[in-house]
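These notes concern the structure reproduced below.
The values are calculated or read from the model by the stated rules, or taken from the named source; none is laboratory data. Every value quoted in this text rests on a predicted model; they were computed, and no experiment measured them. Glycine gets a Cβ as well: all are built from the backbone with ideal geometry, and neighbour counts include every protein chain shown.
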Amino acid sequence: MDDLGYTPTTLGVEDARKKTVVVSSQIFDMIGIKEAETTKPGAGVSPCEEDPEHLFSSRHPWSLYGVSDERLTEGFARLKENLPKYGWKIVEYGPNNSPAKTLELTADSEKEHYSVNAELRVATDPAQNHPSATRKSSIQVRVVSGCFRAPEGTDLNGIY
């Protein structure tokens, strides 16, 4: 597929979900805060706009919370340090454009077609030097795959 810049791997929808969860688990391990709580939604899939009848991608958004801001900050730094060691290239790092200037990183896997975006959201924002009462401290993570080719005969209408 010239539009994508690569040839998509043929993979069943459920196998793609499982693979994306495995990548998410690797990200969790890189953060290294085993005692933190995590949200439980599973991986979802959606058609790729380049060829919605045959191609789809998988995504797994989740967050890590329930530990101190210091632990979250340490975990976020560990993620930034560990990603390149596991074949990820950090393509963006720094405060984002939100009013809170949340620290954010985006990295692409150099081995597989996956991207991860993570945001460090702490209740006390050091940039503004005051607590954000509306925010629970967390690391927000979104893992997104490139496009997979659905096996012959797979109906991608209504997938989620």
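Listed values, structure above:
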quantity: Segment 35-48 residues that are over 10 Å from His60 (Cβ atoms), paired with ones that are surrounded by fewer than 18 Cβ atoms within 10 Å (Cβ to Cβ) and of a type in the set (S, T, N, Q) (beta carbon under 9 Å, 6 or more apart); calculated: Pro47/Asn157
quantity: Within segment 1-56, considering residues that are within 17 Å of the chain's Cα centre (by Cα) and assigned to a strand (DSSP E or B), the one nearest to Glu70 (Cα to Cα); calculated: Glu37
quantity: Selected residue (only one of Val22, Val45 is modelled with pLDDT of 95 or more, β-branched (Val, Ile, Thr) and farther than 24 Å from Tyr86 by Cα); calculated: Val45
quantity: Conditions (1) in contact with a helix residue (DSSP H, G or I) (Cβ under 9 Å, 6 or more places away or on another chain); (2) in a loop (DSSP other than H, G, I, E, B); (3) among the basic types (Lys, Arg); number of the one not met by Arg59; calculated: (2)
quantity: Any chance Gly87 is farther than 22 Å from Gly153 by Cα and either at pLDDT below 95 or surrounded by fewer than 16 Cβ atoms within 10 Å (Cβ to Cβ) (or both); calculated: yes
